[in-house]
Amino acid sequence: MTTASHPDEVLEELSRHARKLVAELAGPVRRVRLRSGATVLEVEWHGPAEAATAPRTGPEPVAEPAAEAVPGPDRLAVRAPVVGTFYRAPEPGAAPFVTVGDLVRPGQVVGIVEAMKLMNEVTADQAGRVVEVLVSDGKPVEYDQPLLALEPFTERGD
């Protein structure tokens with residue numbers, strides 16, 4: 001399957017294939033396993049309990065986030081699209097995409113989650129005002145983990 005002979009070369013080639021495969025898939029990925037000869041690359045993500053009921057389940061679910069990280073009933077949550085590392089700014093030293101008090105609109109980029117060297121934009125699903133940042137910059141996040149809490153925004157002539 002591959003002409004690479006050194007195990008590190010084979011692993012690097014498998015890693016490139018895995019990144020390409022994950023980037024091309026439409027939904028969240030639970031497990032990727034690639035083999036070339038005797039070398040196997042297997043990556044497995046653990047997500048929240050509700051993901052385990054989906055048809056394409058894989059690993060056992062992990063515990064729910066702590067209570068303080070879950071927005072209340074009067075708040076909306078912007079959630080992680082993938083497992084990875086959350087960044088609040090487009091690059092080190094830059095201003096964050098949003099801060100507490102900012103108004104966001106649907107589709108607006110509010111952060112980035114890096115997964116396997118790929119930068120995945122985190123976008124708001126609904127309009128709202130940022131009332132709390134639930135994950136610190138550079139911290140690991142799970143799939144569907146709340147990252148920001150939004151107060152719903154309604155356009156009224158108050």
request  = Being charged (D, E, K, R) and touching a residue at least 40 places away in the same chain (Cβ under 8 Å) is the filter; apply it to region 122-150 and report the residue that is farthest from His17 (Cα to Cα).
outcome  = Glu132
ask   = Quick one: would you say Gly84 is in contact with an Asp or Glu (Cβ under 8 Å, 6 or more places away or on another chain), at pLDDT 70 or above and either loosely packed, with under 12 Cβ neighbours inside 10 Å or of a type in the set (Gly, Ala, Ser) (or both)?
value = yes
Check on Gly58, part of a loop (DSSP other than H, G, I, E, B), out of contact with any Ser or Thr (no Cβ under 7 Å at 6 or more places or on another chain), of a type in the set (Gly, Ala, Ser) and at pLDDT below 95 = yes
ask   = Tell me, which residue of region 88-121 that is touching a residue at least 60 places away in the same chain (Cβ under 8 Å) and assigned to a loop (DSSP other than H, G, I, E, B) is surrounded by the most Cβ atoms within 10 Å (Cβ to Cβ)?
value = Met116
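Table: residues versus (1) at pLDDT 95 or above; (2) under 11 Å from the mean Cα position of the chain (by Cα).
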| site | (1), (2) |
| --- | --- |
| Gly72 | no, no |
| Ala77 | no, no |
| Gly93 | no, no |
| Pro106 | no, no |
| Val110 | yes, no |
| Glu114 | no, yes |
| Leu134 | yes, no |
| Asp144 | no, yes |
| Arg156 | no, no |
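The values are calculated or read from the model by the stated rules, or taken from the named source; none is laboratory data. Remember, it's a predicted structure, so these values are computed and weren't measured experimentally. For neighbour counting, all protein chains shown are included, and Cβ atoms are generated from backbone atoms with ideal geometry for every residue, glycine included.
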